[in-house]
1. Write out, first by first residue and then by second, each pair whose Cβ atoms fall under 7 Å of each other, whose residues are 6+ apart or on separate chains, and whose first residue, in segment A:33-48, is more than 17 Å from B:A259 (Cβ to Cβ) while the second is of a type in the set (F, W, Y) and away from ligand 3 (no atom under 16 Å from the Cβ).
2. Checking the conditions here, which among A:I130, A:I77, A:I156 is under 17 Å from the mean Cα position of the chain (by Cα) and farther than 27 Å from A:C195 by Cβ?
3. Among the residues in segment B:16-29, are any touching a helix residue (DSSP H, G or I) at 6+ places or on another chain (Cβ under 8 Å) and closer than 25 Å to B:C167 by Cα?
4. For A:T86, only one of the following conditions fails: (1) within 14 Å of ligand 1 (Cβ to nearest atom); (2) touching a Gly at 6+ places or on another chain (Cβ under 6 Å). What is its number?
5. What number goes with the only condition from (1) open to solvent by less than 10 Å² (accessible area, probe 1.4 Å); (2) in contact with a Lys or Arg (Cβ under 7 Å, 6 or more places away or on another chain); (3) more than 8 Å from chain B (Cβ to nearest Cβ) that A:T62 does not pass?
6. A:E72 fails exactly one of the following numbered conditions: (1) on the phi > 0 side of the Ramachandran plot; (2) in contact (Cβ under 8 Å) with a residue 60 or more places away in the chain. What is the number of that condition?
7. Among the residues of segment A:229-240, is any over 18 Å from the mean Cα position of the chain (by Cα) and either open to solvent by 10 Å² or more (accessible area, probe 1.4 Å) or within 16 Å of ligand 5 (Cβ to nearest atom) (or both)?
8. Quick check on A:A23: is it at pLDDT 85 or above and either crowded, with 24+ Cβ neighbours inside 10 Å or within 16 Å of ligand 2 (Cβ to nearest atom) (or both)?
Amino acid sequence: MRVAYWPGCVSRGFTPELHGSMAKVAPLLDIELVEMDRAACCGAGVIAEHNQELADTLNARTFALAQQTDGELMMNICSTCQGAQTECQQRLDANDAYRDHVNETLASEGLRYERGLTNKNFLWLLVEEIGLAALQAKVTRPLSNLRVGPFYGCYIVRPMDQLGIDDDHPRHRYLQWVIEALGGTVVDYAGVYKCCGFPIITMNREASLRQAGRHLGDALDADADCLVTPCPLCHLNLDLQQPLAEKVIGRELGMPVLHLPQLVGLALGLEPRQLGMSKHVVRPASVIDWSAAVVGARADAQA
Amino acid sequence: MTRSLSGYTLRLRRFDPESGKGPYWQEFKVELEGHRSVLDAILKLRDEVDGSIGIRCSCRQAICGSCGVRINDKPGLACHTHLERAAQAASEGSRVIQVEPMGNMPVIKDLIVDMDAVHWKKIRRVTPWLINKQPVPEREYIVSHESMVDVTQSMGCIQCGACVSDCLSMEVDPEFIGPAQLAKAYRFVGDPRDARQYERLKDLAEDPHGIYDCTHCWMCIDACPKDVAPMSQIMRLRRLAGSEHQIEDRNNGHRHEHAFTENIARNGLLHEADLLSDSYGGKLSPRAVPVLLGSLPVILRALMRRKITLGHALLHPYRRRYKDLRQLFESIERRERRYELNLYVSGYDGAEPAQAAGNGPAMVATGTSGVGAGQAPREEGEDI
Ligand code: SF4
Ligand code: SF4
Ligand code: SF4
Ligand code: SF4
Ligand code: FES
C-alpha cells in the first residue's frame, strides 16, 4: 500500500535510526512510503500551548500536503505526532467555520485541508491495515526468547475517545499483539502506559528523569530484555538520557530500548546493524546476543 | 420490564490500619442487575456480607464526588460505573471487577483515602475564591454570558480526586500542585470579575511545582468523570501566563515554549540542539551554561554513536525547505486576539462528531463513518 509518510522531526534529528529502520522495513511489508518532505513539525503539543491556532494551521498544512499525494492514508512513526495531530484534527474537523478560517491562511501556499483525513501511526497500520496474520507470515526470525516490555507513550493511548480507542479498535493492546505476532514474550510492568517525562525535561529535570528511571527500573524488575516504543521522544528520555536517569534514581539500569520498526525488522530477518541499533546509547546487547543465537537456530531449521 | 440478576465477582483491596496487618485482596460474589453501579454492589456487600468494608459515598448519582476509587486500574466514581461495563473491562476477560483506593493519596481504610492530606490542601494552595475587582458594585456584577462560558468547563469539577489519583507528575513529584487544583485556578484566572489574574498566573508560573511541572500526559483528561479536562485548563493557564502576560518564569517554561515555536519557525523541523540552549535563553545566556555543560555528555555520546553529526548539532540540514513557514507563523502571531476553539463550548458541526483518529476509510472527506470520536459536549444544564 502507498502511504503519505510523515516521519516527524526527531526521527531525522536525534533518533535517525528510527527513520532509517522504517525505510528498511517498509518494503518488506509492501508499504510504499511517499515522504512529505515539505511538512513541518507537528508542534508536539508545545506550540498548541503557546498558540492553538498556530498549531492547528501547521498541522492542517501537513494534512493538506498528505491529501495532495496519492497515498491511501497518512502514516506517522511517532506517538507524539499521532496525539498532537489528532488533537488539532479534531478541532479542524469539528467546526466548518474554523476550518475555513485556517484554510484561508494556507491559501497563500495554494493548500487546502478537506475534513476527514486518516492518519495512523505505524503501529495502528500494522494491526489494522496489514494485519497480524500477514505480519506473522513474514517473520523469518521469531523473537522466541526475547522478553519485550511495551512502552506506548502518552499521546498514543490518551485520551481514548479522541484517539478512537474502543472495543472495535483496542489500540492500547496493539503493541502487546505485535510483540506476540513476532514471536516475542510480552512483559507486563507498571510503566506500560505511563509518561517518560520528556515534556518537562527543561522545566523540572529531576522529576522528568525520575519518571524515565522508574519505568526502566520496573521493566528491569519484571525481567524485560528490552523495551519497545512507537515514540522517538520517549526514546530520547528512555535511551539517550538513561545514564542521567540512572544517576537520579541511584540505580544501574542498562535497559535497551528499541524503536518499533527495529523490533519488526529484527523479526523480518534484518541485522541489528542495518537497523541502526549500534546508534543507541544503551547498546541492545541482550537483543543482539539473542539474534546471533537465533540466526544459528535458523540455520538448524534449514538443515 | 424486569431486568435479570447476574453474578459478579468483586476483588476489593482491604486495609485496616488498626489490625496491624498490611493491605490484602479479598474476593466477593454479588448478584445484581448489570446496569447497577459498582457502588451499589459494594454497599450490598457491606449490608449483607461484611459490615466492615470501608467506602465513602453520599449522593450515589455522580454529584457529590465522594466515591472516587480505582476500578480495573482506572480512576473513576464507583456510583457512576455500571457493573456490566466494569466486568467487560476487567483484565484478560476475567470479568473480575477489581476495586482499590485512589493513588497519590494515603489510604485511611479500605477504599477510603485521605483527601485532606493531599487534595484539599492543594486546593487551598490556589486561592480558590474570587478576589473582587474594586470598587465592588452596590448590587450584582453584570457579566456577559460569553465571558463566563470560558470557565464553565472548570466549574464542572465535583472534587472527586480521580485526576489527582493518577496524575503522573504527582507520582514522581508529590509537591506538584495537581490537576483539579490547577483547573480550579483557571476557574478564577478566567473569571472576568477577578482582580488578580496576573498575580495568580505569576505565582503558578514561578512555582517549580506549578503549571510548568505538568508533563502533559493526558491522564487527568481520561480520569475525569465530569469532562473538566484539567490538562486543557493547565494549557490555558500557560498560554495566558506566557503569551498574554509575558511572564518569564524561573522554570524556563515560557522560554522553552517560545524557543520551541521559534525553532520550528526557523527550521521547519525541530532542531533539538538549538532548542536546548534556546530554552534557557540562548547559547550565550548565563543560565544556559550549566545546563549545556550538564547535557554535554549526552550530546557527546550521541555524536560518538554517530546518532548525530557535528554538522547536525550546529546547523539544521532541512532548513531551506521551509522558507514559506516564517510567513505563516507571523501572520498568525500578529493577530490581535489569539483564536481559540474549545470544543467543550462550541460543540461539533452536524449531528455527529467527525471521525476519530484514522478510523475512517479514506483520504478525503468521508462524512461521519468514524466510531467513538470525541464525546459531544454536554447540553447546557445537563450537568449539575
Ligand atoms: S512530535 Fe516530535 S517528532 Fe513528531 S513532529 Fe512533533 S516534534 Fe517532531
Ligand atoms: S511518554 Fe513521553 S515522549 Fe512519549 S508521549 Fe509521553 S511524554 Fe511524550
Ligand atoms: S496532564 Fe498534567 S496534571 Fe494531568 S495527570 Fe498528567 S501530569 Fe497530571
Ligand atoms: S477535575 Fe474531574 S476528576 Fe478531577 S476532581 Fe474534578 S471532577 Fe474529579
Ligand atoms: S456517591 Fe456522590 S459521586 Fe458517587
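The values are calculated or read from the model by the stated rules, or taken from the named source; none is laboratory data. Keep in mind that this is a model prediction, so the values were computed, not measured. Neighbour counts are summed over all protein chains in view; Cβ atoms, including those assigned to glycine, are modelled from backbone coordinates with ideal geometry. The protein model used for the area step is the full one, side chains on, heavy atoms only, and it has no ligands, DNA or RNA in it. Shrake-Rupley method; radii C 1.70, N 1.55, O 1.52, S 1.80 Å.
1. What qualifies is A:L33/A:Y5; A:V34/A:Y5; A:E35/A:Y5; A:M36/A:Y5; A:M36/A:W6; A:A39/A:W6.
2. On the way: A:I77 fails: farther than 27 Å from A:C195 by Cβ; A:I156 fails: farther than 27 Å from A:C195 by Cβ.
Testing whether each residue is under 17 Å from the mean Cα position of the chain (by Cα) and farther than 27 Å from A:C195 by Cβ leaves just A:I130.
3. Applying the first criterion (touching a helix residue (DSSP H, G or I) at 6+ places or on another chain (Cβ under 8 Å)) to segment B:16-29 yields B:28.
Filter once more, keeping what is closer than 25 Å to B:C167 by Cα: none.
Taking every residue of segment B:16-29 in turn, none turns out to be touching a helix residue (DSSP H, G or I) at 6+ places or on another chain (Cβ under 8 Å) and closer than 25 Å to B:C167 by Cα.
4. Every condition holds for A:T86 apart from (2).
5. Just one mismatch for A:T62, condition (2).
6. (1)
7. no
8. Values: at pLDDT 85 or above: yes; either crowded, with 24+ Cβ neighbours inside 10 Å or within 16 Å of ligand 2 (Cβ to nearest atom) (or both): no.
Judged against the criteria, A:A23 is not a match.
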